[in-house]
């Protein structure tokens, strides 16, 4: 393993900002794995740390295939992580809205450019991603329909679902989108939480990446890793969005992955002063609960569940 | 008349209302004055006040409809938050929204629906807390043919015709222009402050445009003739190092290539870490207002002449 500084920025009063990568193997740039792009993506950081730990062991055992190299970048936003902010500390910009970056541009454009220059030539790009609404997804791989997407390769992760996303205008400046445009096979892995750590989901995400690396011939047998699931493919726009009718305190009765039938009681929204029921949220369809929003206070019309219709 | 554009209940004993003031006389055209998408941009507040005040003073001069939307993001304005509080979302990246989307998307959809159909919309922004801007319109090349002639009546110093960017397709202006409502984006001043001269200047311009539209018969000034420029004439100066920026020029100064723009200094060591010189002859139309800079922070933009 070689530890390398991919990008560095000197600060007025803080320690230098560094994007640090961990390189395994030699030769062809086979796979790059990026963890936290935002300061609150602690689960994504931790997942990378476990991957680094595992790859270090595999490399010592000679199980990285000859002529293949893997780069892991656990965090691209240490400055925000260390002060518990999601976006860049000074101007609140999102590094994941700055790709492919610009090396003469604004600070976060430079960070994106510095990172992208290092990782754009990898054959496969994997990002541990998070959603802007706090909540928990059923673990899945997400790929954008840019015309370069490869669903069959996404199956190699062995995660239960593959979600196909039709890019929206703001997606065109994300890492995943630009990786694809630069002809890498790009995958976003969503495994569980964001700002808290769920160990089961971390294990699942690490194993998913190891499965992918093994099936792509980048590592040899990764040990006792389960083969995973035969993935179902879901179009994101076909997920059934379940919204609150009223605002208030939400009492949830189902977890991600639950099977529900039309009419099942998913949640109650309560009056925050007297506890009376303001609205009941019923499942509009038979299916599997794919996403559960996690905040205790909810707005009216807030999206609180996404369900895969059976 | 004060009208509610959309109302959403918040979790604990409060409703979020986006409101507008509709001032109407006669059957002439409709202009919408929109601001407050970013909660830290306040210049538009004074423009809305000024327009409303003049309409109150001379109601007989109006022959049409003026809709004033002073706060598209009321929670942001109230809490000094640029985005939508609670979501950490830039409101100007969620348009046109969706009727059955989450709260933010629903609000965006209602806003677009309410403004759509105006004969002209003026979407007023105030840069951010970091940069000071001269009064200017920002127009996408795709809409320049239709919008530049309108912008020339707004009494602005500058019209910047910029390249189209896919990411900007989520803005209010793009959504409205795509829906057939001509929408001009005005940028001026600086975040969290009010620059009275600029606000009066734009208010004068809005009445000039209303006069041109045939909905204002009151007295108007002869609008300034703005410099109309494309991307190629704009030079960017970004910080070469982190530090404290101390300007040596005033905003709107004419400079020559090599002129001294300012220093980035280290208060700890007393060393000038970067001496910033102008890369061209021109006017400093954007100037850094907030002193702390990271490497890459925008220091100035110069309109090359």
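As a calculated quantity, the FRET efficiency between residue B:260 and residue A:103 at R0 = 22 Å, using C-beta atoms, amounts to about 0.30. The value of relative contact order for chain B, using C-alpha pairs under 8 Å at least six residues apart, is 17 percent.
Highest-first packing order for the peptide set A:225-233, A:283-291 is A:283-291, A:225-233, based on the mean count of other beta carbon atoms within 10 Å.
Using C-alpha pairs below 8 Å separated by at least 6 residues, the relative contact order for chain A is 16 percent.
Multiply the residue separation of residue B:100 and residue B:129 by 0.36 nm, subtract the distance between their alpha-carbon atoms, and state the gained length in nm to one decimal.
Extending this stretch completely gives an extra 7.1 nm.
Given the options A:55, A:104, A:239, state which has the largest fluctuation in a GNM of chain A using a 10 Å cut-off (strictly under) for Cα springs. With Cα springs under 10 Å in chain A, the top fluctuation among A:55, A:104, A:239 is at A:104.
Ordering of A:76-85, B:50-59, B:31-40 by packing is B:31-40, A:76-85, B:50-59, highest average first (other Cβ atoms within 10 Å, averaged per residue).
Taking the convex hull of the Cα atoms, report for the protein assembly as shown its projected area averaged over all directions, in nm².
Result: 29.8 nm².
For the pair residue A:261 and residue A:82, the difference between a 0.36 nm per residue extended length and the Cα-Cα distance amounts to 60.1 nm. Across peptide B:79-91, the average count of Cβ atoms from other chains found within 10 Å of a residue's Cβ is 2.
Determine, from the Cβ-Cβ distance of residue A:53 and residue A:132 and an R0 of 51 Å, the FRET efficiency 1/(1 + (r/R0)^6), rounded to the nearest 0.05. List each step's numbers first, then the result.
Details: r = 29 Å, r/R0 = 0.57.
Efficiency for this residue pair is about 0.95.
Each listed q (0.26 Å⁻¹) maps to a log10 I(q)/I(0) for segment B:231-304 from the Debye sum over equal C-alpha point scatterers, namely -1.18. Hydrodynamic analysis of segment A:239-309 uses the Kirkwood radius over alpha carbon pairs. Inserted into Stokes-Einstein at 25 °C and 0.890 mPa s, it gives a translational diffusion coefficient of 208 µm²/s. The three principal axes of the C-alpha atoms in segment B:15-89 carry coordinate ranges of 43, 19, 19 Å, sorted with the longest axis first. Which shape class, rounded, prolate or oblate, goes with segment B:76-121 when its Cα gyration tensor gives a ≥ b ≥ c as root eigenvalues, a/c under 1.5 marks rounded, and past that a/b bigger than b/c marks prolate? Cα axes put segment B:76-121 in the oblate bin.
The GNM of chain A, with springs linking C-alpha atoms under 10 angstrom apart, assigns the highest mean-square fluctuation among A:59, A:106, A:156 to A:106. Label-to-label distance, residue B:17 versus residue A:28, with points set 7 angstrom from Cα along the beta-carbon direction: 6.5 nm. For segment A:2-235, report the % of Cα-Cα distances exceeding 28 Å. For segment A:2-235, the fraction of Cα-Cα distances above 28 Å is 24 percent. The packing ranking, built from the mean of other Cβ atoms within 10 Å per residue, places the peptides B:176-184, A:43-51 in the order A:43-51, B:176-184, highest first.
Over all distinct Cα-Cα pairs of segment A:4-107, the Kirkwood formula returns a hydrodynamic radius of 14.9 Å. Other protein chain C-beta atoms within 10 Å of residue C-beta, averaged over B:2-9: 2. The sum of -39500 (n - 2.57) across all DSSP H runs of n ≥ 4, divided by the residue count of the protein assembly as shown, sets its helix-only mean residue ellipticity at 222 nm to -6500 deg cm²/dmol. Going by Cα centres, segment A:227-294 and segment A:138-183 are how many Å apart? What the calculation gives is 25 Å, centre to centre. Placing a pseudo-label 7 Å from each Cα along the Cα-to-Cβ vector at residue B:271 and residue B:304 gives an inter-label distance of 3.3 nm. Considering every Cα-Cα pair within segment B:2-225, what fraction, in whole percent, is farther apart than 21 Å? Here the tail beyond 21 Å accounts for 52 percent of pairs.
Take each residue of peptide A:99-111, count the partner chain Cβ atoms within 10 Å of its Cβ, and average: the result is 3. Sequence-distant contacts, meaning Cα pairs under 8 Å at least 6 residues apart, place the relative contact order of segment A:239-309 at 44 percent. Distance between the modelled labels on residue B:233 and residue A:1, one decimal in nanometres: 5.6 nm (7 Å Cα→Cβ projection). Each part gets one Cα centre, and for segment B:131-205 versus segment A:93-107 those centres are 24 Å apart.
Among A:305, B:260, which comes first, then next, by fewest other beta-carbon atoms within 10 Å? It would help to have the intermediate numbers written out before the result.
On the way: A:305 26, B:260 13.
Listed from fewest to most nearby Cβ atoms, that is B:260, A:305.
Here A:190, A:13 are placed in order of increasing Cβ neighbour count within 10 Å, fewest first, which gives A:13, A:190.
Every read-out reported here was derived from the displayed coordinates using simple, explicitly stated rules and does not represent laboratory data. Model, not experiment: these values are computed from the prediction. Cβ: placed from backbone, ideal geometry, glycine included. Neighbour counts: every protein chain shown.
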